[in-house]
Amino acid sequence: MEFTPETRKKLTKWIIGVVTACIIIFLGVQNIHVLMNAVSYCFDLISPLLVGLVLAFMLNVPMRYFELKVFTSKKMPYNLRLLLSCLLSLLIIIGILAGVVWLVIPELVDALTVIVETVIESINRLSDMSQAEVAELPFGKYLLEIDWNGLLEKLQTWLQNEGGNIVNTAFGTIGSVVGGVFDFFISLVFCFYIVFSKKKLKEQATRLTRAWLPAGFGESFIYATSVANLNFRNFITGQSLEAVILGCLCMIGMLILDIPYAPMVGALVGVTALIPVVGAFIGAGVGAFMIVTESPVKAVVFVVFLVILQQLEGNLIYPKVMGSRVNLPGLWILAAVTIGGGLAGPIGMLLSVPVASTIYVLLKEATAKREAELAAKAAPEPEPEKEEKTEE
């Protein structure tokens, strides 16, 4: 088989590309730790921007509703519509968070106060008891066998030896908190910049894509980003609806079971349920902590009830609600949440559903297009019509 110069040139480029890719993959595998550290460092650098982007997506959902449904007057300037929509959206979000804090914080403080008072009272009662009375208590025999003076001396020695480390850890924690607050402030600034410049940013991104990417790939990329944007928006609305459903079911169940703090715990579970699958358990931990101050038995009942409710919600309600919003079958939602959680924890769970939905929609459309092309190729070509000879 003879190769033309053009074929040889293409084959040479292909071989060079394959060899280069293999070398890069080999070096990446050999230096995987260095590569992971570099990726982690880059992620830390851009994390405030990524958080700002996520916040902008979340804030844009209610803003878009106000822009399209409330402030529809053509006489109103576009920037004024954006400002009013943003202010109303912020007021709603801040109002919801403030309401939850108003419900939770006072009860949480009361629960902590009750626990501290109970511990102090128990210590005072133990100190006033004789050894015979202590021995009659459950585990009293073991309490008498403990060398309390020795434990106190060991504690003092440990504090003296580890005091410097404790101080350094405290200062490090304070520094991390201050750094986190500063990063969050940068994320907020970036969020508002995206929200108020979204139209201009969209035009710029479209122009850059069409100018620098190949025509076919550029249009496909623009379409893929539009599908991703729609799926992320639908995911946020669906997740909010799911959180409301779970919070209401939790409150109703607690009222039926006569468990205290039903409205407060229901609101807390609903807000924390914005984190898929595991968010409700965060609210459950705080709720159980407060309920145990009233009745340990009811706290156990609450935990069992919420575990059952979370299983029903995660396997039945969540796939149905989210599936109708993001056009993703329930099986793939569960698979996406499981894989995302294993790869990136709660953040992976949060982003896995819209990412999987985008891939599913694009792959479904590409498969349908490919099947149509194959069907067209397999179809028999029509036979040419034979010309009838006419007698002259």
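The values are calculated or read from the model by the stated rules, or taken from the named source; none is laboratory data. Keep in mind it's a predicted model, so treat the numbers as computed, not measured. Glycine gets a Cβ as well: all are built from the backbone with ideal geometry, and neighbour counts include every protein chain shown.
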Exercise for the section: Please go through the stretch 306-352 and pick out each residue that is buried (at least 18 other Cβ atoms within 10 Å of the Cβ) and either in contact with a Lys or Arg (Cβ under 9 Å, 6 or more places away or on another chain) or of a type in the set (Asp, Glu) (or both). Expected result: Glu313
Handout entry: Subset of the stretch 86-101 that is closer than 16 Å to Pro263 by Cβ and surrounded by 12 or more Cβ atoms within 10 Å (Cβ to Cβ) - its residue that is modelled with the lowest pLDDT
Key = Val100
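Which is exposed (fewer than 14 other Cβ atoms within 10 Å of the Cβ), hydrophobic (A, V, I, L, M, F, W, C) and either touching a Pro at 6+ places or on another chain (Cβ under 6 Å) or part of a helix (DSSP H, G or I) (or both), of Val195, Val271, Val181, Val227? So that I can check it myself, show each step before the final result.
Details: Val195 fails: exposed (fewer than 14 other Cβ atoms within 10 Å of the Cβ); Val271 fails: exposed (fewer than 14 other Cβ atoms within 10 Å of the Cβ); Val227 fails: exposed (fewer than 14 other Cβ atoms within 10 Å of the Cβ).
Testing whether each residue is exposed (fewer than 14 other Cβ atoms within 10 Å of the Cβ), hydrophobic (A, V, I, L, M, F, W, C) and either touching a Pro at 6+ places or on another chain (Cβ under 6 Å) or part of a helix (DSSP H, G or I) (or both) leaves just Val181.
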Practice task
Sort out which residues of the stretch 281-293 are modelled with pLDDT of 80 or more and outside any helix (DSSP H, G or I), and write them in order of number.
Solution key: Val292
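Give the residue, chosen from Pro329, Pro354, Pro380, that is out of contact with any His (no Cβ under 7 Å at 6 or more places or on another chain) and modelled with pLDDT under 70. Break it down into steps so the answer makes sense when it comes.
On the way: Pro329 fails: modelled with pLDDT under 70; Pro354 fails: modelled with pLDDT under 70.
Matching residue, one of Pro329, Pro354, Pro380: Pro380.
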Fill in the blank from the handout: How many residues of the stretch 305-323 are over 19 Å from the mean Cα position of the chain (by Cα) and in contact (Cβ under 8 Å) with a residue 24 or more places away in the chain? The answer is 3
Practice task
Look at the stretch 57-77 and say how many of its residues are free of Cβ contacts under 8 Å to residues at least 60 places away in the same chain and assigned to a helix (DSSP H, G or I).
Solution key: 7
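Which is closer than 30 Å to Tyr360 by Cα, touching an Asp or Glu at 6+ places or on another chain (Cβ under 6 Å) and either at pLDDT 80 or above or in a helix (DSSP H, G or I) (or both), of Leu246, Leu241?
On the way: Leu241 fails: touching an Asp or Glu at 6+ places or on another chain (Cβ under 6 Å).
From the options Leu246, Leu241, the qualifying one is Leu246.
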Exercise for the section: Kindly list, by first and then second residue, each pair from a residue in the stretch 22-49 that is modelled with pLDDT of 80 or more and of a type in the set (A, V, I, L, M) to a residue that is surrounded by 10 or more Cβ atoms within 10 Å (Cβ to Cβ) and assigned to a helix (DSSP H, G or I), limited to pairs with Cβ atoms under 6 Å and residues at least 6 apart or on different chains. Expected result: Leu49/Phe190
